Each structure stands twice: as structure tokens, then as C-alpha cells.
Amino acid sequence: MARMVRQSLVKFDAPLCETIIDTPKPQGREVLVRVERCGLCHSDLHIQDGYADLGGGKRLDTTRGMTLPFTLGHEISGVVDEVGPDVAKDLIGKKRAVFPWIGCGQCRDCANGDENLCAKQRFLGVAIDGGFASHVLVPDAKYLLEYDPLPVNQAATLMCSGVTAYGALKRLVDRPRQRNLLLIGLGGVGMMGLSFAQAMFTQKVAVADLSPAARESALQNGASVAYDPAEPDVIKRMIKETEGGFDAIVDFAGNEKSMAFAVAAVARGGKIVVSGLMGGNFSLPMVQWVYKRMTIEGFMVGTLAEGKELMALARAGKIKPTPMKEEPMADVQKWIEELRAGKVVGRIVLKN
């Protein structure tokens, strides 16, 4: 039997290690995909740590129900190597991206198409083994998306950073006021958001990030203006330049400082979508919330339907590629450390 090579989590808060097992044989509607590319996401760091920061010294335990060794990685694209007996054989050999946000398939949320909300989810690389490996076992062929003529690395990143940015921005599309838009945080998801926003909105797109390199990259990729949140009196300048603040904001960082920045910059009657998971605690005086008439919505990942919508837009050439860098799968731990240190602009994509 063929061997499956994985970069595995063998201990929480410890480096990934190479492990080798027999390649699993798909059953029922399962599909075995040979992984060609797998993107590195900031949420991989939280899973490796074994917790998420809740602020105030509190932590959310992410280790419950997990059996080690475990394979991270959820931005996956590759080639179908084998299919279960209930899947058409002509799928073998086809290049596909893998939608990883898979639910139990039985609950109310799954029946409604909202598998990303499922309490008994089977997210690849989060709840069941993912793509930092030579192969990944996908629970059902319906989660495979055709991506030709897109590059294989772009197809992979659309499945997490892509569908997350797309879904977050969709929550702002039908707002009655569309004067301006601000994106906070220019990591892999934020840069995807900048690309998508230019296709989804008519107004100019402003960005904010602490990193000069990220701000420069954003300006080169279509941002109208890039703000440094650490600049003295930057909020006053933003409010003046926008005549009252931003009607729509997406916080792709999701920490205490980024949210305080967003609340200060949002216009009266505006909306903030929070999509980042850097963590911490957020509080807001009720009077300020009511006085500004602001809306705040949390958002993590999109649905399978939204993944298909995004893939169709990308395949039609309506979305510009975003900055990304390919590195060997065996070097994943090195790039985890670089990402943790804030030294990555755009997306790191691991290749086999």
C-alpha cells in the first residue's frame, strides 16, 4: 500500500513533525486527493497552540476531541487519486480545489446550507486531518470544486482566505449607504479582501495596517489610501478626510486594538464585520453603540454555495490574484514561525 507523508501536530504548543502512515482507502462517497498545494493560515497557529486568546488572561481550549498526531492545513488543491465505490470513476485524475468547511450533514444548519455553522463540524485541518500532507481524505465528492484555468496555488487559497474575505464583504454589499469602505489588517485574508472589494464595490477601498510593507503592497494592488493605526491623531485625519468616517469596515485582524480602531473610524449608521481571529476581548459602551447606530457582525468562513460563487468569479477572470509565495511542504514549521512573527506579507502556499 502507498505511504502517506504528513507534517503532523504530535504535541500542542510544539513544532510539527513528519509522520508516515498507510494511505487511507476511500469508502462510500469519500475521495482521496493527492495534495499539490496547501495554504498556511493564521488559524493553523491557534490549533498548534491548543488555545485561542479570549482576553483578560482567559483562553478557549481548542484541544478537546482532537487525537494526536493530527494534520493541519485547510487551503487545499490537488488531483483526485482514488474515489469511493459511490463516486463516479471518471473523477480520478481530475484537478480540484477542496472546500474544507464540512458539517455533519444531519443538523438544521447543514440542511439549510450553513455547514460552516455546524456544531458537529468536520472541518478539514481543524476537526479531521487536513492538507499538510501528501494526501487528504475528503468526506464527499461534492466538496471538490473545478478550478481550471486558475493557477493551482490561487485555487487553494480561495478555499479559506478567499471564501472568508468574500463572505465578509458580502455582508456589506446591500447596505443602503455605500460611500466608502475600510479594510483593517492586511495578512493573507486582508489582501484577498482588497482584491475582491475592487470587484464587488464601486467605491474606492482604503486600508489600515501597522506594517509599512503591507501598506505599500496594498497601495500597489489597488488601495486608494493606506493608514497607519499607530500614527498620532490618525482617527481625526480619517474622520476629516471621509467627512464623518467609514460606512463599511471589515476587521481582518480581530484583536482588541483593531476593533477599537474600527469603532473609532466607523461612521454613524455604519457597519463593522469582524473576521479576524487574533483574539482578545472587546467591550463597547452601550451609549456609544446606540448613539452611533452602528452594526457589528462576526463572521468566520463562507458556505459551500459562496465558495462556488467565488470560484466562478475567479475562473471568469473577475478577481485579481493576490500576493503569495510558494515554499516546500517540508518547511511548513519554518513558515509557521515566520507568520507568527508577523514577517509574512500575503499568503504562504506549501507545495508537494
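The values are calculated or read from the model by the stated rules, or taken from the named source; none is laboratory data. Only a predicted model underlies this, so the values are computations on that prediction, with no experimental measurement involved. Don't worry about glycine lacking a Cβ; one is built from the backbone with ideal geometry, like all the others, and counts go over all protein chains shown. These accessible areas exclude ligands, DNA and RNA; they are computed on the full protein's heavy atoms, side chains included. Shrake-Rupley method; radii C 1.70, N 1.55, O 1.52, S 1.80 Å.
A few notes on this one:
- The one condition from (1) out of contact with any Leu (no Cβ under 9 Å at 6 or more places or on another chain); (2) free of Cβ contacts under 8 Å to residues at least 24 places away in the same chain that residue 351 does not meet is (2).
- Inter-residue pairs, beta-carbon under 9 Å, first under 30 Å from residue 111 (Cα atoms) and open to solvent by 50 Å² or more (accessible area, probe 1.4 Å) and in the stretch 287-311, second among the hydroxyl-bearing types (Ser, Thr, Tyr) and outside any helix (DSSP H, G or I), 6+ apart: 298/275; 300/275
- Picking from residues in the stretch 92-112 that are of a type in the set (Gly, Ala, Ser) and assigned to a loop (DSSP other than H, G, I, E, B), the one that is surrounded by the fewest Cβ atoms within 10 Å (Cβ to Cβ) is 93.
- Contacts under 6 angstrom Cβ, first residue in the stretch 2-14 being free of Cβ contacts under 8 Å to residues at least 60 places away in the same chain and at positive phi, partner in a loop (DSSP other than H, G, I, E, B) and open to solvent by less than 50 Å² (accessible area, probe 1.4 Å), 6 or more apart: 13/50
- Taken as a whole, the stretch 69-84 holds no residue that is open to solvent by 70 Å² or more (accessible area, probe 1.4 Å) and either farther than 29 Å from residue 342 by Cβ or not polar (S, T, N, Q) (or both).
- Where a residue in the stretch 190-213 is open to solvent by less than 30 Å² (accessible area, probe 1.4 Å) and its partner, wherever it lies, is aromatic (Phe, Trp, Tyr) and in a helix (DSSP H, G or I), with Cβ under 6 Å and at least six apart: 196/166
- Condition met for residue 145 (under 25 Å from residue 103 (Cβ atoms) and either over 13 Å from the mean Cα position of the chain (by Cα) or surrounded by fewer than 22 Cβ atoms within 10 Å (Cβ to Cβ) (or both)): yes
- Failed condition for residue 115, given (1) among the charged types (D, E, K, R); (2) in contact with an Asp or Glu (Cβ under 8 Å, 6 or more places away or on another chain); (3) open to solvent by 30 Å² or more (accessible area, probe 1.4 Å): (3)
- Positions within the stretch 262-285 being among the hydrophobic types (A, V, I, L, M, F, W, C), open to solvent by 20 Å² or more (accessible area, probe 1.4 Å) and modelled with pLDDT of 90 or more, in sequence order: 264, 274
- Pairs with Cβ under 6 Å, 6+ apart, first in the stretch 25-40 and part of a strand (DSSP E or B) and aliphatic (A, V, I, L, M), second at pLDDT below 95 and surrounded by fewer than 19 Cβ atoms within 10 Å (Cβ to Cβ): 35/352
- Taking residues in the stretch 48-60 that are buried (at least 16 other Cβ atoms within 10 Å of the Cβ), and partners anywhere that are at pLDDT 80 or above and β-branched (Val, Ile, Thr), the pairs with Cβ atoms closer than 7 Å and at least 6 places apart or on different chains are 48/336; 50/62; 50/63; 51/62; 52/62.
- Counting the residues of the stretch 214-254 that are more than 19 Å from residue 272 (Cβ to Cβ) and either among the β-branched types (Val, Ile, Thr) or touching a residue at least 40 places away in the same chain (Cβ under 8 Å) (or both) gives 4.
- Condition check for residue 137: open to solvent by 20 Å² or more (accessible area, probe 1.4 Å) and either in a strand (DSSP E or B) or farther than 24 Å from residue 3 by Cβ (or both): yes
- The lone criterion from (1) part of a helix (DSSP H, G or I); (2) on the phi > 0 side of the Ramachandran plot left unmet by residue 332 is number (2).
A quick yes/no check of all residues on (1) under 18 Å from residue 148 (Cα atoms); (2) basic (Lys, Arg); (3) under 18 Å from the mean Cα position of the chain (by Cα); (4) in a strand (DSSP E or B):
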{"residue": "291", "(1), (2), (3), (4)": "no, no, no, no"}
{"residue": "302", "(1), (2), (3), (4)": "no, no, yes, no"}
{"residue": "308", "(1), (2), (3), (4)": "yes, yes, yes, no"}
{"residue": "336", "(1), (2), (3), (4)": "no, no, yes, no"}
{"residue": "345", "(1), (2), (3), (4)": "no, no, yes, no"}
{"residue": "348", "(1), (2), (3), (4)": "no, no, yes, yes"}
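- Residue selected from the stretch 41-66 under the condition in contact with a Lys or Arg (Cβ under 9 Å, 6 or more places away or on another chain) and assigned to a strand (DSSP E or B), by the criterion nearest to residue 161 (Cα to Cα): 52
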